[in-house]
Amino acid sequence: MRKSTVIVGAVSAALIAFAFAAAQPARSERSERSAQSRQSPQDGVGLHVSGRDIVEADGTSFVMRGVSHPYAWKKDQRRSFADIKELGANSVRVVLTSDVGADEVAGVISTCKRHRLICVLENHDTTGYGDTDGAITLDEAADYWTGLKRVLAGQERYVVVNIGNEPYGNSDTSGWAAATSGAIRKLRDAGLKHLIMVDGPNWGQDWSGIMRGNAASVLDSDPLRNIVFSVHMYGAYGTAAKVTDYYDAFRSAGLPLVVGEFGWKHTDGDVDEDTIINEAQSRGIGYLGWSWSGNSGGVEYLDTATGFDPGRLTEWGRRLFNGANGIRATSKEATVYGGSPAD
């Protein structure tokens, strides 16, 4: 999502037609995962990818179930971390901007840990680069993360670094792969070993298939091979087929995928949130809903809680947290906090 006053919708109003690779023949998820899984240089260090899965340092599978918190614009809402946890989440995606300094980020990480949440930190200043005046490049976002090394180092079991939110708009996405690989290398050259999350272009929705088509080469560009790909699902995913085709493409390629943002409707069309949620659960794909509260500019319907009050969940919030295959029913706390391994 992008910012206007506080937070507004991140994608263009018109739904853009696109086609994805055909679904592959169904196989047992368990056998398929076993066949495609491989050891990672990150084993024992912290959160890392193994084949299509995110796993913890002890090898336990970790499937993200959470929501985004607009921290950078709502710093007075620190109680939100506790509320999100109490509703069952195991992760929180935290909006940061480049003016949020190291000591403040350290405080955010500490708060996440206190409430037993995996902390996905994202730099929002890249949003819609090429379409939005003032958006920064992924290279500039990488400089932000390397500047935080002293507070990020040692937090690999608790923190995921989402380099840049929706780092390309729709105007020219051709530079996405090179820019993403370059930003990853900058973080690795600085000694950061965290699981890195990368968002797709097209305001995160990757309707052009740029991320899907280049994901393998981007993963290979990381000497630690510790990258998870994040698609944002809004109006471009208004049918079950569009959702499952995208999921199928990453499954067939043996690549790790999460739904880093999604809603239940948006300015660019209806969203098939039920398929997003249900198919994510059946495939072991993580999801992070947008967003906890505080949306404005006409997209207040994306709030999951009215006025940051966990006792006043919206229709969208009730679906995300309490609905079938929602957060409360499917979330497993990270074992680093003492949670039991998934069955």
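Being small (Gly, Ala, Ser), in contact with a Phe, Trp or Tyr (Cβ under 7 Å, 6 or more places away or on another chain) and touching a residue at least 12 places away in the same chain (Cβ under 8 Å): is that true of Gly191 here?
Against the criterion (small (Gly, Ala, Ser), in contact with a Phe, Trp or Tyr (Cβ under 7 Å, 6 or more places away or on another chain) and touching a residue at least 12 places away in the same chain (Cβ under 8 Å)), Gly191 does not qualify.
Take Leu121 and decide whether it is under 14 Å from Ala72 (Cα atoms) and either buried (at least 23 other Cβ atoms within 10 Å of the Cβ) or β-branched (Val, Ile, Thr) (or both).
yes
Check whether at least one residue in the stretch 322-343 is at pLDDT below 95 and under 28 Å from Ala216 (Cβ atoms), and report yes or no.
Yes; the residues of the stretch 322-343 include at least one that is at pLDDT below 95 and under 28 Å from Ala216 (Cβ atoms).
Keeping to the stretch 202-214, report how many residues are surrounded by 24 or more Cβ atoms within 10 Å (Cβ to Cβ) and not in a loop (DSSP other than H, G, I, E, B). Quick ask: steps written out before the conclusion?
Taking the stretch 202-214 as the starting set, the residues that turn out to be surrounded by 24 or more Cβ atoms within 10 Å (Cβ to Cβ) are 202-207, 211.
Keeping just the survivors that are not in a loop (DSSP other than H, G, I, E, B) gives 204, 211.
The number of residues fulfilling the criteria is 2.
Asp272 - would you say it is farther than 20 Å from Ser331 by Cβ, in contact (Cβ under 8 Å) with a residue 40 or more places away in the chain and among the charged types (D, E, K, R)?
No; evaluated as a whole, the condition is false for this residue.
Show the residue pairs meeting these rules: Cβ distance below 6 Å; 6+ apart or different chains; first residue within the stretch 100-114 and surrounded by fewer than 19 Cβ atoms within 10 Å (Cβ to Cβ) and assigned to a helix (DSSP H, G or I); second residue modelled with pLDDT of 95 or more and of a type in the set (Ser, Thr, Tyr).
Lys113/Tyr158
Identify the residue in the stretch 156-170 that is surrounded by 24 or more Cβ atoms within 10 Å (Cβ to Cβ) and part of a loop (DSSP other than H, G, I, E, B) and, among all such residues, is farthest from the chain's Cα centre (by Cα).
Applying the filter and picking the extreme gives Tyr168.
For the stretch 296-316, what are the residues that are farther than 21 Å from Asp270 by Cα and among the small types (Gly, Ala, Ser)?
Gly307, Gly311
Which of the numbered conditions does Glu166 fail, given that it passes all the others? Conditions: (1) among the charged types (D, E, K, R); (2) over 16 Å from Val218 (Cα atoms); (3) out of contact with any Ser or Thr (no Cβ under 7 Å at 6 or more places or on another chain).
It is condition (3) that Glu166 fails.
Output the number of residues of the stretch 74-99 satisfying the condition of being buried (at least 24 other Cβ atoms within 10 Å of the Cβ), of a type in the set (Val, Ile, Thr) and not in a helix (DSSP H, G or I).
Residues flagged as buried (at least 24 other Cβ atoms within 10 Å of the Cβ), of a type in the set (Val, Ile, Thr) and not in a helix (DSSP H, G or I) within the stretch 74-99 amount to 3.
Does Gly191 satisfy the condition of being part of a loop (DSSP other than H, G, I, E, B), on the phi > 0 side of the Ramachandran plot and either among the basic types (Lys, Arg) or surrounded by fewer than 24 Cβ atoms within 10 Å (Cβ to Cβ) (or both)?
Criteria met by Gly191.
Scan the stretch 46-53 and tell me whether some residue there is among the acidic types (Asp, Glu) and part of a helix (DSSP H, G or I).
no
Name every residue in the stretch 246-278 that is among the small types (Gly, Ala, Ser) and not in a helix (DSSP H, G or I), in order of residue number.
The initial filter retains those residues of the stretch 246-278 that are among the small types (Gly, Ala, Ser), namely 249, 252-254, 260, 263, 269.
Selection gives Gly254, Gly260, Gly263, Gly269.
Just the residues that are free of Cβ contacts under 8 Å to residues at least 24 places away in the same chain and assigned to a helix (DSSP H, G or I), please, taken from the stretch 297-321.
Listed by number, the residues that qualify are Glu300, Thr306, Gly307, Gly317, Arg318.
Can you tell me which of Ala324, Ala329 is in a loop (DSSP other than H, G, I, E, B) and either surrounded by fewer than 15 Cβ atoms within 10 Å (Cβ to Cβ) or of a type in the set (D, E, K, R) (or both)? Please lay out each step first, then the result.
Values: Ala329 fails: in a loop (DSSP other than H, G, I, E, B).
Just a single option satisfies the conditions, and that option is Ala324.
Which of (1) farther than 20 Å from Asn295 by Cα; (2) in contact with a Lys or Arg (Cβ under 6 Å, 6 or more places away or on another chain); (3) not basic (Lys, Arg) does Gly128 not meet, given it meets every other one?
Of (1) farther than 20 Å from Asn295 by Cα; (2) in contact with a Lys or Arg (Cβ under 6 Å, 6 or more places away or on another chain); (3) not basic (Lys, Arg), only one is false for Gly128: (1).
Determine which member of the set Asp248, Asp268, Asp274 is more than 17 Å from the chain's Cα centre (by Cα) and at pLDDT below 95.
Checking each option against the conditions leaves just Asp268.
Just wondering, is there one or more residues in the stretch 171-180 that are free of Cβ contacts under 8 Å to residues at least 40 places away in the same chain and part of a helix (DSSP H, G or I)?
Within the stretch 171-180 (the criterion being free of Cβ contacts under 8 Å to residues at least 40 places away in the same chain and part of a helix (DSSP H, G or I)), the answer is yes, since at least one residue qualifies.
Looking at the stretch 206-226, can you tell me whether even one residue there is of a type in the set (A, V, I, L, M, F, W, C), under 14 Å from the mean Cα position of the chain (by Cα) and under 18 Å from Ile276 (Cα atoms)?
no
Here is a list of conditions, (1) more than 27 Å from Gly191 (Cα to Cα); (2) surrounded by fewer than 22 Cβ atoms within 10 Å (Cβ to Cβ), and Tyr237 meets all of them except one; can you say which number that is?
It fails just one condition, (2).
The values are calculated or read from the model by the stated rules, or taken from the named source; none is laboratory data. Predicted model only: the values in this text are computed from it and were never measured. Don't worry about glycine lacking a Cβ; one is built from the backbone with ideal geometry, like all the others, and counts go over all protein chains shown.
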